[in-house]
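Single-structure report; data block below.
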Amino acid sequence: MTDYVIDKELQRKSRIKIVAVFAVFLGPLLLAFIWLQTVKNNPNISVSTHGELIKPAHPLEPFTLSEADGEAFSLQSFDRFWTMIYFSGGPCAEACEKNLYHMRQVRLALVQNMDRVQRVVVVDQQSDIAPELLAEHEGLHVLGGDPQALEQFRQQFRNAESAMQPAGEAIYLVDPLGNLMMRFSGEVDPKGILKDLKHLLKVSRIG
């Protein structure tokens with residue numbers, strides 16, 4: 001009888017441990033799914049006061065671009081990171097330099113959470129970013145590739161914002177699940193970007 005009681009107690013503790021393990025690994029993904037579905041199904045709900053939510057969030061399709069060192073950057077590269085993306089549209093001039101600066105400063109201002117955020121600039125060719133400018137932006141992912149791959153990647157963003165007003169020199173935000181979910185127009189104060197990112201990092205529990 002005593003052995004039976006002990007076995008039942010061990011089984012109960014084992015079940016609790018298994019549930020706890022699943023909660024640790026699957027909990028953040030479940031919360032992210034619920035959050036995205038809530039935003040998608042309730043157009044009046046907004047988690048942003050500065051950026052524009054892309055509704056519904058747009059899952060990016062598989063792609064492969066190249067970094068300056070030849071390393072591949074693909075859909076899987078978004079995993080675990082919130083990603084700010086800017087398209088340079090040619091040699092990086094004043095507007096481009098400003099946005100790269102804003103993305104860098106916003107990330108640094110996140111302090112203990114800055115490792116949850118990465119920065120990407122998409123260029124027509126790697127020479128669009130001058131070496132001296134690149135030296136000021138350690139950790140920046142500079143993505144290029146063949147013209148067709150670049151155009152297909154850009155088109156995904158155009159499709160996602162087709163029903164929205166033009167935003168000019170926009171910074172886009174992709175979540176750790178690979179969803180394009182927000183954009184910040186060129187007129188948005190970087191303090192607003194920081195505020196929105198802080199809120200997202202606080203409530204999302206992913207990335």
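Rule-based calculations on the coordinates, nothing more; no lab input. Please read all numbers here as calculations on a predicted model, not as lab measurements. Positions of Cβ are generated from backbone atoms using ideal geometry, with glycine treated the same way; all protein chains shown enter the neighbour counts.
If one computes the Cα centroid of the range 110-163 and of the range 52-93, what distance in Å separates the two points?
Value for the Cα centre distance between the two parts: 6 Å.
Counting C-alpha atoms alone, how compact is the range 121-207: give Rg to one decimal and Dmax as a whole number, in angstrom.
Cα radius of gyration and Dmax of the range 121-207 are 14.7, 39 Å respectively.
Express the C-alpha Rg of the range 99-138 as a ratio against the empirical globular expectation 2.2 N^0.38 Å, rounded to two decimals. Walk me through the numbers before you get to the answer.
Working: Rg = 11.3 Å, N = 40, 2.2 N^0.38 = 8.9 Å.
So the Cα radius of gyration is 1.27 times the expected 2.2 N^0.38 Å.
How far apart, in nm, are the 7 Å Cα→Cβ label points at Glu71 and Ala130?
Taking the two extended label points, one gets 2.6 nm.
Note the full-extension length gain between Leu108 and Phe63 as 0.36 nm times their separation in residues minus their Cα-Cα distance, in nm to one decimal.
Numbers: separation 45, 0.36 × 45 = 16.20 nm, distance 2.82 nm.
Value of the extension gain: 13.4 nm.
Would you tally the net charge around Ile193, using a Cβ to Cβ cut-off of less than 14 Å, leaving Ile193 out, and scoring K and R as +1, D and E as -1? Could you put the intermediate results ahead of the total?
On the way: positive: Lys98, Arg104, Arg107, Arg119, Arg183, Lys191, Lys195, Lys198; negative: Glu52, Glu169, Glu187, Asp189, Asp196.
In short, +3.
Of all alpha-carbon pairs in the range 36-204, indicate the percentage at a distance above 27 angstrom.
On the way: 2608 of 14196 pairs.
When every Cα pair of the range 36-204 is considered, 18 percent fall beyond 27 Å.
How would you order 94-105, 177-188 from highest to lowest mean count of nearby Cβ atoms within 10 Å?
Details: 94-105: 17.6, 177-188: 19.8.
For the peptides 94-105, 177-188, the packing ranking is 177-188, 94-105.
In what sequence, highest mean first, do 149-155, 196-202, 131-137, 116-122 appear when ranked by Cβ atoms within 10 angstrom?
By packing density, highest mean first, the sequence is 116-122, 196-202, 149-155, 131-137.
Say a paramagnetic label sat at a point 7 Å from the Cα of Asn159, along Cα to Cβ; which residues of the range 78-115 have their backbone N under 17 Å from it?
Within reach of a label on Asn159: no residues.
Tally Lys/Arg at +1 and Asp/Glu at -1 over every other residue whose Cβ is under 15 Å from the Cβ of Glu97; what's the total? Can you show the working numbers first?
Values: positive: Lys98, Arg104, Arg119; negative: Glu94, Asp128, Glu132, Glu136, Glu169.
Spelling it out: positives minus negatives among the neighbours equals -2.
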